[in-house]
Ligand code: BG6
């Protein structure tokens, strides 16, 4: 066993003995010929190997329908890693060593014989590579295959009954989306939990694996000064922006079925909201943290049907210019219905009905084909009382704490300051901490952290079943409302702008504005 490979996740010190070695294991990736494996999973595994973060006894098996052999599979994976790895160039020697433990297994997701063969192969590999029977199954397939794969794994006895600290162990990582609405999420949950204990299920929301997202709790709860003002008494409102300059690319078919509310808000943005809004957990173990996140989701005030059109703005991009180049509108994208009403932008106002947040709205917005790619959380404080410094009846800028999740990861504080000199006007200035400048490190990719934690059995950065269902519960009435009148068009916005004018109005009616990012 590789005793050198020790991890320190500041969010899970409580749950994990810091000296815990990594168990040997085999990772089986279902849907290995897809984009996710090439762009994210294989580069993440390679970089983990490079940093000595994989178990010494480790194998990876790709399971997919297409006909291939180990050699061609390894060659394809090498090309993917060469293209997408965060560290470049690829280290040939390391790659050869890593690739010697990569295997391909051809099979259909719903055909039992492929799973029987898989079992035999894995048993043999355990002998040869000392992987001790420990298994992680990564479902990187279409969501429609999730249930079949879990059932087949269970029938083939590839999933073991769960027991605390059992050995060998088996775990299943499930990619998003977990369900298409509340009903399908409940159904998926009930089908897979016939075969799996909740503790064996690792639902991915890759935003939780981002370094700066992990820092949110450390920032909030390891700095005394913020917790005291982290409530409705001091905070006027919170803005969470996840903007992207890319369009929907080649994902037209997927996007027509999904849309931005399901793709981004139900998971990534609501996860960010829970981390900002949650109460301090009693400890840093996975369940204590997730219990607090669920409480936030449970306290969200449901948006009533007559409020939805005012409080949830859906937009769709028209043609326009992004980064200096002309781009087409959503309806002209490949595999998109030319009269589609599917949303590519959402701005919404949310209220949390608990003592900490009563009266402090949370504004979330996200969209494709916006001016730039950026993720930022802004905590906007109340105005100071209108007593001092008000000669011109001018309101000075509110203090804003902005947390840049990506890019230029950092934390900035805007405050008012006297300009030196006799006239002494007051001007906002900014204190700005940048991770890159301070630590000088390239943070690991989200998938590196998440794969690593799943091997360690640490589910802190994965969403629990009740969390997922609670966020669907909030989103579902909005989907239903839109479905009732699917002819209602979204508000259009020009590609390269910050969304439709209605998104501005959402804040303007309470004399607030979206921040210029
Ligand atoms: C994915 C969405 O979950 O997140 C994509 O399906 C989106 O539509 C992506 O582009 C954004 O992730 P990141 O890490 O690039 O901000």
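What distance in nm separates the two pseudo spin-label positions at residue 221 and residue 39, each 7 Å out from Cα along the beta-carbon direction?
3.3
For the ranges 128-134, 479-485, 202-208, what's the packing order if you count other beta-carbon atoms within 10 Å of each residue, average per peptide, and put the highest first?
202-208, 128-134, 479-485
Run the quick spin-label model on residue 351 and residue 72: label points 7 Å from Cα toward the beta carbon, then report their separation in nm to one decimal.
6.0
Can you sort 463, 241, 374 by how many other beta carbons sit within 10 Å, fewest first? If you can, show how the numbers build up before the last one.
Working: 463 27, 241 24, 374 17.
Arranged by neighbour count, lowest to highest, 463, 241, 374 become 374, 241, 463.
Say R0 is 51 Å: what FRET efficiency, to the nearest 0.05, do residue 110 and residue 86 get from their beta-carbon distance? Write down the numbers at each step before the final one.
Details: r = 35 Å, r/R0 = 0.69.
About 0.90, to the nearest 0.05.
Measure nothing fancy, just the Cα-based angle from helix 146-155's long axis to the longest principal axis of the chain, in degrees from 0 to 90, nearest 10.
Tilt relative to the chain: about 30 degrees.
Each label point is 7 Å from the Cα along the Cα-to-Cβ direction; what then is the distance between the points at residue 190 and residue 516, in nm?
5.3
Counting other C-beta atoms within 10 Å, which of 268, 57, 509 has the fewest, and how do the rest follow?
On the way: 268 23, 57 19, 509 10.
In increasing order of surrounding Cβ atoms, one gets 509, 57, 268.
So what is the relative contact order for segment 34-92, in percent, with contacts set as C-alpha pairs under 8 Å and at least six apart? Don't skip to the end; give the middle numbers.
Details: 28 pairs, mean separation 33.3, N = 59.
In percent, rounded to a whole number, it is 56.
Where a ≥ b ≥ c are the square roots of the eigenvalues of the C-alpha gyration tensor, would you call the chain rounded, which needs a/c under 1.5, or, failing that, prolate if a/b is larger than b/c, or oblate? Walk me through the numbers on the way to the answer.
Numbers: a/c = 1.81, a/b = 1.54, b/c = 1.18.
It comes out prolate by the Cα gyration axes.
Report the relative contact order of segment 64-126, percent, no decimals, based on alpha-carbon pairs under 8 angstrom and at least 6 residues apart. Numbers along the way, then the final one.
Values: 35 pairs, mean separation 29.0, N = 63.
Rounded, it is 46 percent for segment 64-126.
Can you bin segment 383-517 into rounded, prolate or oblate? Criterion: square roots of the alpha carbon gyration tensor eigenvalues sorted a ≥ b ≥ c, rounded for a/c under 1.5, prolate for a/b above b/c, oblate for the rest.
Working: a/c = 2.45, a/b = 1.28, b/c = 1.91.
Judged from the Cα gyration tensor, segment 383-517 comes out oblate (a/c at least 1.5, b/c at or above a/b).
Classify segment 71-215 as rounded, prolate or oblate from the Cα gyration tensor: take a ≥ b ≥ c as the square roots of its eigenvalues, call it rounded if a/c is under 1.5, otherwise prolate when a/b beats b/c and oblate if not.
Values: a/c = 1.67, a/b = 1.23, b/c = 1.36.
Verdict is oblate for segment 71-215.
Could you grab the relative contact order for segment 353-477? Cα pairs under 8 Å, six or more apart, rounded to a whole percent. Mind dumping the intermediate values first?
Details: 116 pairs, mean separation 17.8, N = 125.
Answer for segment 353-477 is 14 percent.
If neighbour count is taken as other Cβ atoms inside 10 Å, put 77, 270, 431 in order from fewest to most.
Working: 77 25, 270 28, 431 10.
Arranged by neighbour count, lowest to highest, 77, 270, 431 become 431, 77, 270.
Gap in Å between the Cα centre of segment 419-438 and the Cα centre of segment 440-457?
Here the two parts' Cα centres lie 35 Å apart.
Given only helices, namely DSSP H runs of n ≥ 4 each adding -39500 (n - 2.57), what is the per-residue ellipticity at 222 nm of the chain, to the nearest 500 deg cm²/dmol? Don't skip to the answer; put the middle values down first.
Details: 16 runs with 168 residues, N = 517.
Theoretical 222 nm ellipticity from helices: -9500 deg cm²/dmol.
When you count, for each residue, the other Cβ atoms within 10 Å and take the mean per peptide, how do 399-409, 159-169 rank with the highest first?
Details: 399-409: 18.6, 159-169: 12.7.
Top of the packing list down: 399-409, 159-169.
Let's test the formula: R0 of 22 Å, r as the Cβ-Cβ distance of residue 485 and residue 256. What FRET efficiency results, to the nearest 0.05?
Values: r = 18 Å, r/R0 = 0.81.
In this case the efficiency is close to 0.80.
Between residue 162 and residue 504, what's the calculated FRET efficiency when r is the beta-carbon distance and R0 is 56 Å? Round to 0.05. It would help to have the intermediate numbers written out before the result.
Values: r = 50 Å, r/R0 = 0.89.
The pair residue 162/residue 504 has a calculated efficiency of 0.65.
Quick note: the coordinates plus some simple rules give every number you see, no bench work behind them. Fair warning: this is a prediction, and the values are worked out from it, not measured in the lab. Ideal geometry is used to build each Cβ from the backbone, glycine not excepted, and the neighbour counts take in all protein chains shown.
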